[in-house]
Amino acid sequence: MTGKLYGIGVGPGDPELLTLKALRLLKQSHVVAYPAAKKRKSNALTIVEHHLTDAQVRLPMIYPFTIEKPLPDLYETALSDFYDGMAAEIGGHLDQDRDVAVLCEGDPFFFGSFMYLFDRLSPHYPTEVVPGVNSVVACAAVLGAPLVYRYQTLTVMGGVLGEDELRRRLQAADAAAIMKLGSNFAKVKRVLTELGLADRALYIERATMAEQKVLPFAEVDETKVPYFAMVLLPGKKWASG
Ligand SMILES: C[S@@+](CC[C@H](N)C(=O)[O-])C[C@H]1O[C@@H](n2cnc3c(N)ncnc32)[C@H](O)[C@@H]1O
């Protein structure tokens, strides 16, 4: 017998955006693993912490560095080693018949770090993934911005893309979500402005968290854009009928 691995989507920040299923499985897991940056409180843990008991083992997964740009090969290797190490540690608990809940902000299979653990562990252990409210739909809801009507397509991309690639994808999109901003914001703004799309762009940071901020796109200070920020280009209104 081994324990079961759960990938738990905890939503974008508001603790009430946790599903009932996520809550039930979280409460019954022996071990709760969560991603965290060095010397920073984990957002994912903050969302659910008040539901946990002292008896549950907390397993922080502390990233070796922050990931906001495409990684050079050296860092890719370090990251792969990091996930190998975390998978081994989690596997150790599963081998002892302990269920492990891995927390993931938003949804686990939507740019979630859990995917790297899933790839390593799910071939060997029973695994279940609990979807969560992802940041794109949470941002749209907070902004009051219906995202895609009828036959429109939504393009989701990271601000890490090069300028040419951003231009190509944005030109072809009916609606778009641009994630992973931080220091990529200036480049994203340049491309949107050049394409005449800046007027349609909506900016939000830390959606649904206590520190949530919505700013007019033109007024965003590009030196202060955090990683937990997004630009949305909602699809054009579609007449009903
Ligand atoms: C690695 S992805 C994680 C996505 C997450 N798994 C999800 O389902 O939304 C991180 C990016 O998601 C976006 N993001 C996550 N939470 C956010 C929030 N509360 N407000 C705005 N953007 C958020 C940011 O663009 C950030 O750079």
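The values are calculated or read from the model by the stated rules, or taken from the named source; none is laboratory data. What you are looking at is a predicted structure, and each value in this text was computed from that prediction instead of being measured. Don't worry about glycine lacking a Cβ; one is built from the backbone with ideal geometry, like all the others, and counts go over all protein chains shown. The area values use the complete protein model at the heavy-atom level, side chains included, leaving out ligands, DNA and RNA. Shrake-Rupley method; radii C 1.70, N 1.55, O 1.52, S 1.80 Å.
Remarks
- Net charge contributed by nearby residues that have their C-beta within less than 14 Å of Phe82 (K/R +1, D/E -1): -3
- Relative packing of peptides 142-149, 129-136 - highest average C-beta neighbours within 10 Å first: 129-136, 142-149
- Note on Phe111: accessible area is roughly 110 Å² with a 1.4 Å probe, heavy atoms of protein only.
- Highest-fluctuation residue, Val137, Val57, Val32 considered, GNM on the chain with Cα pairs under 10 Å: Val57
- Of Pro108, Pro64, Pro12, the one that fluctuates the most in a GNM where the chain has Cα springs shorter than 10 Å: Pro64
- Excluding ligands, DNA and RNA, the accessible surface per residue across the stretch 5-130 is 51 Å² with a 1.4 Å probe.
- Accessible surface of the stretch 171-241, 1.4 Å probe, proportion on carbon and sulfur as whole %: 52
- Lysine pairs within the stretch 5-130, Cα separation less than 29 Å, 8 or more sequence positions apart or different chains: 7
- Database remark: amide H of Arg98 closer than 5 angstrom to the amide H of Gly3 (H placed geometrically; neighbours at sequence offset of 5 or more, or on other chains; Pro and chain starts carry no H).
- Expected 222 nm ellipticity per residue - DSSP helices of 4 or more, -39500 (n - 2.57), all of the chain, to 500: -9500 deg cm²/dmol
- Entry comment: accessible area of the stretch 177-241 is 53 Å² per residue, from protein heavy atoms only and a probe of 1.4 Å.
- Taking all protein chains as they are arranged and a probe of 1.4 Å, the heavy atoms of His124 leave approximately 130 Å² accessible to solvent.
- Less than 5 angstrom separates the built amide H of Ala33 from those of Leu59, Ala101, Val102, Leu103, all sequence-distant by 5 or more or on a different chain.
- Under the Karplus curve 6.51 cos²θ - 1.76 cosθ + 1.60, θ = phi - 60°, whole-Hz ³J(HN,Hα) for the stretch 113-120, x wherever Gly or Pro sits: 5, 4, 4, 6, 6, 4, 4, 7
- Choice from Phe228, Phe109, Phe65 with maximal GNM fluctuation in the chain (Cα, 10 Å cutoff): Phe65
- Heavy-atom accessible surface of the stretch 5-130: percent carbon and sulfur, 1.4 Å: 55
- Accessible-area order (highest first, 1.4 angstrom probe) of the listed residues Arg169, Arg150: Arg150, Arg169
- Probe 1.4 Å - accessible area at His30, Å² to nearest ten: 80
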